[in-house]
1. For residues that are among the small types (G, A, S) and under 30 Å from B:L369 (Cα atoms), scanning just the range B:281-320, find the one that is modelled with the highest pLDDT.
2. In this structure, does A:A50 turn out to be at the interface with chain C (Cβ under 9 Å from one of its Cβ atoms) and among the small types (G, A, S)?
3. Just give me the residues in the range B:17-46 being within 14 Å of another protein chain (Cβ to nearest Cβ) and either small (G, A, S) or closer than 25 Å to B:A229 by Cβ (or both), in sequence order.
4. Which one of these is among the hydrophobic types (A, V, I, L, M, F, W, C) and more than 9 Å from chain A (Cβ to nearest Cβ): C:V141, C:V102?
5. Given the range B:189-257, what strands (runs of 3 or more DSSP E) lie entirely inside it while holding 2 or more residues that are farther than 20 Å from B:I26 by Cβ?
6. If I filter the range C:129-156 down to residues being touching a residue at least 12 places away in the same chain (Cβ under 8 Å) and aromatic (F, W, Y), which single residue comes out as farthest from C:Q245 (Cα to Cα)?
7. If you check C:L159 against the conditions, is it more than 7 Å from every other protein chain (Cβ to nearest Cβ), in a loop (DSSP other than H, G, I, E, B) and free of Cβ contacts under 8 Å to residues at least 12 places away in the same chain?
8. In the range A:161-182, which residue that is among the β-branched types (V, I, T) and in contact (Cβ under 8 Å) with a residue 60 or more places away in the chain is farthest from A:D249 (Cα to Cα)?
Amino acid sequence: MTSDARVVDDAPAAGPTVALGAAPEKRIAGSSRLRPLRLTGWYTLLTVLAIIVLFPVYITVVRALSTPVAYSDARSPLYPVAIQWDVFWRAATSQGLSRALLLSAIMTIVITVAQLVTSVLAAYAFAFLEFPFKKTLFGLFMATLMLPIEVTLIPNVQTISDLGWLNSMQGLTVPFLATALGTFLIRQGFVGVPADLRDAARLDGYGHLRFMWHVAVPLARPVIAAFTVLSFLAAWNQYLWPQSVETLDNWQTAQVALSNLPTAEPATYNVGVAGALIVALPVLIVLLVFQRQLVRGLTAGAVKG
Amino acid sequence: MAGVTFDAVTKRYGDVTAVADLDLTIADGEFLVLLGPSGCGKTTALRMIAGLEDITDGRLSIGDRVVNDVDPRKRDVAMVFQSYALYPHQNVAKNIASPLTVREYRVDGENEPRKLTKAERDERIDEAARMLGLEPYLKRKPGALSGGQRQRVALARAIVARPQVFLMDEPLSNLDAKLRTQTRAELVDLHRRVGTTIVYVTHDQVEAMTMATRIAVLDNGRLQQVGTAEEVYDTPANLFVAGFIGTPPMNTFTARVSEDGRRVIIGRGGNAALGGAPLADAAPSPDAALTAGRLVLDDAKAALVRPGNDVIVGVRPEHLHLAAGDDEHSGDAISGRVHNVEWLGHEAVIAVDVAGSTIAVRQRADRELPDVGADVSLAPAPGGVHLFDPATSERLG
Amino acid sequence: MTAPVAVATADTALADAPKPKRRRRRRYHAGEVLAAYACLAPSAVIFAVFMYYPLYQLFVEATHQSNSFGTKSRYVGFGNIGDVLGGSDFMSGLGHTLLYVVYTVPAGLILGILLAVAAHRHLRGIKIYQTIFSSTVATSVAVTSVIFLTLINPSTGVLKIDILNNPDWALFGVSWSSIWQNIGLSFLIVLAGLQAIPEELLEAATLDGYGPVRRFFKVTLPLLSPVLLFLVVVLVVFALQSYAQVDILTQGGPAGATETLVYKITQNQSPRLMSNGAAMSIGLFVVTVIITALQFGLLSKRVNYDQ
């Protein structure tokens, strides 16, 4: 049949014309009758792309499982060689990595919780309260986004060093106890709280804390949850700052510990690689579990803003 | 210009059937309204004409051409979407022009369709802009227009394509009441001037009644009735159509034909639409405990039923009047108690409690209004009684 | 301190009104103001100590030369900043960094659009593909670098391309890790943008006679432009801040060919080199601000915002 295809069949790599992939809508335009050839074409393309995207991770797993010397002798093939199944266990229980994971965990939790608290408070003030210099202060808060740790590194290392906080949890966490991004995002969420609700709470005699805890935060929960996830990610994944304030070999957070890999003994290379995969795990799990909340939280913020 | 024919057209999404076995012939030049509640399949049917949904079974033709597999771009239709679907990043002039830039058109006197020249495009755009009063807004973007203006831009965009069929998907639903009334008249006027077939989807029966040459009523994917406004109003084909068309809706009662076959006894808890139960005993006694009253059947209606049959009786609010005590058929009336009186200036709508449910009676405002709580007798106007088969919900006669 | 939501009377407000008021007619309620400042204080302190104070300190350090032990420093003037920023060290760092932007941003943009368009359709199992495409957001720069170490490391890599040892192309090789890592974020951002485009708009375009390609360029892309601008800004910032990937993959080599600005800054932390490092930090700051402003300025015009 050479007649022209229906509109949905025409949708190639350009011009999405079908319903949102996220939530199937009532109008599933003709999906039930996509011709098999077109269908396989799409699936093929998508699968190829998926393989390309996953390839680096696949190779990493291959390297983690393979005995290093045997692997390089076999000229680095695409499949595992002389598999050591216990490599992940060995990596996880190795002194270095387990300590590093613990340090990272503590650091991440402290930073995440702290950023949550400071951001909610600051966002509350900007969203619901009137006070002098409000606009200026907001500007100053937002301006800090232009001063990332990459720029302020040298003086901050100096400060931490002077405080005697090198190789300490304080040194790792204190500079990051607050972030303007959190203030911004959560403020957006708070701004979406209907004014009527605020008036009603006022008439009911709610104080700030009560209103914040019982009304504002629950209503802004999607954004707050999304921010928490982002905060967690950023803290766990940090590299530059932890490396800068960690000077002892036995005091390394997980990401920094990975930098030992290039100079590690070839014979234990696979353990190091396995360690890297383990380090990536917490974030992966958090993202998978909170996928929906994350998307909802961020898009809700965008729509209301 | 062409008509549209649905020949046993069905649309299924997996297990769900949106349109079931639709047979409908839309004549060339008609203003046909697809009317029904949400989810009845009317929008799906419209989108099938456009080619935005494909057809599971059956044949759809535009004019003489079977278009089941024809690309929407080549069907020579134009659509006005419910949300108007204007390109927000382009100004009004560009929006109106957009069907003309790529598609090919059959120009008068030529055999083959071709792309239009700039002059031809401009001419059509000017014509449409003039027709809809959009000249002052041509340079504006949709974001800077009011709802009514946006709607007219959407209309203009459809007009310039000079299609064989106009498709409109609830175009008035986003307008406020006053604008809606005004635009209704404008659309009818447009149809008269341009003469193209219009297929129009709405859930608002007032729009249907005032604009359509014919109305096709759908429910649950099935065509219930197609006919002129008079036809669907005066002779509804089933209970659904009877209840859907007309405001306030037709009053319906469960009833049983009397022993002499010339009356129907109205049961308690009567309103059939609310699931009233049939009578246990059909004795034609004015026993208030069992019945709500009786209505006389004219000869034509009486011929359709047999004594003892269960029927559903429908009477429109304007076909009931408060019977005075000395009315000739005073024995054959429905008794009830006035629940509420709404005086609307030109008429009054009286809510009457009859046998457990509330029905509506319309009467002219210059007639005396009853008091709330008064006991009244209601009698039908001649020919105002409709009968329906309780098993099939279909009209008898 | 819990200050009740103050429905303050005029008296209280007048009595406690904080003094330095610009001539605004707004009345501030003392309790509210106090509560506000209390809420802002924690964040403000952190920002002041670890962001604004360092900014000041950078200028101090950049204008003073210290000895190797950090015990003595002397003022050398603002000219020093200029000297460092004009010097070959900073310039090469800047060059590498800007090159990194060129390598990673267009690729990130195109890949994001490609994947998002491919995966924005209603097919069974599409969510699996969407999850796969977005998965790279879960990786940190360090982890990604290790992943690519297994791929392109000169001695142990799987892909037998000796790119990291090649002075001319090492940076490009490093950028592959960033390009890959950015895929997830680009995909998610562009997908969200695509999902925000009303379907009816594309249906209208179809009825107007537009084929899929035309629909993409005339409808989809313009409506995506705000999202794409945001993505570009984000990707550029990531590139300007590149460090960990260099540290793990090449340690700046070969022969400094992959030393980005941040890397150079970390190389200039010792007391004697601190003034260089500080000056370069200021340089990084200025470059970031300028580039971000430029993006908003230039590209904003090409972005279609529908109001």
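1. First, pick out the residues of the range B:281-320 that are among the small types (G, A, S): B:282-283, B:285, B:288-289, B:292-293, B:300, B:302-303, B:308, B:314.
Pick out the ones that are also under 30 Å from B:L369 (Cα atoms) and you get B:285, B:288-289, B:292-293, B:314.
Details: B:S285: 41, B:A288: 45, B:A289: 47, B:A292: 72, B:G293: 78, B:G314: 89.
Per the stated criteria, the residue is B:G314.
2. Numbers: at the interface with chain C (Cβ under 9 Å from one of its Cβ atoms): yes; among the small types (G, A, S): yes.
Yes, satisfied.
3. The initial filter retains those residues of the range B:17-46 that are within 14 Å of another protein chain (Cβ to nearest Cβ), namely B:17-19, B:38-46.
Answer for the range B:17-46, where residues must be within 14 Å of another protein chain (Cβ to nearest Cβ) and either small (G, A, S) or closer than 25 Å to B:A229 by Cβ (or both): B:A18, B:V19, B:S38, B:G39, B:C40, B:G41, B:K42, B:T43, B:T44, B:A45, B:L46.
4. Working: C:V141 fails: more than 9 Å from chain A (Cβ to nearest Cβ).
Exactly one residue qualifies, and that residue is C:V102.
5. On the way: elements: B:197-202, B:214-219, B:222-227, B:251-257.
Those strands (runs of 3 or more DSSP E) span B:251-257.
6. Ranking the candidates gives C:F133 first.
7. Details: more than 7 Å from every other protein chain (Cβ to nearest Cβ): yes; in a loop (DSSP other than H, G, I, E, B): yes; free of Cβ contacts under 8 Å to residues at least 12 places away in the same chain: yes.
Yes.
8. Narrowing the range A:161-182 to residues among the β-branched types (V, I, T): A:173-174, A:179.
In the following step, the residues that additionally are in contact (Cβ under 8 Å) with a residue 60 or more places away in the chain were identified as A:173, A:179.
Details: A:T173: 19, A:T179: 29 Å.
Here the residue is A:T179.
The values are calculated or read from the model by the stated rules, or taken from the named source; none is laboratory data. Every value quoted in this text rests on a predicted model; they were computed, and no experiment measured them. FYI the Cβ positions are ideal-geometry reconstructions off the backbone, even for glycines, and counts take in every protein chain you see.
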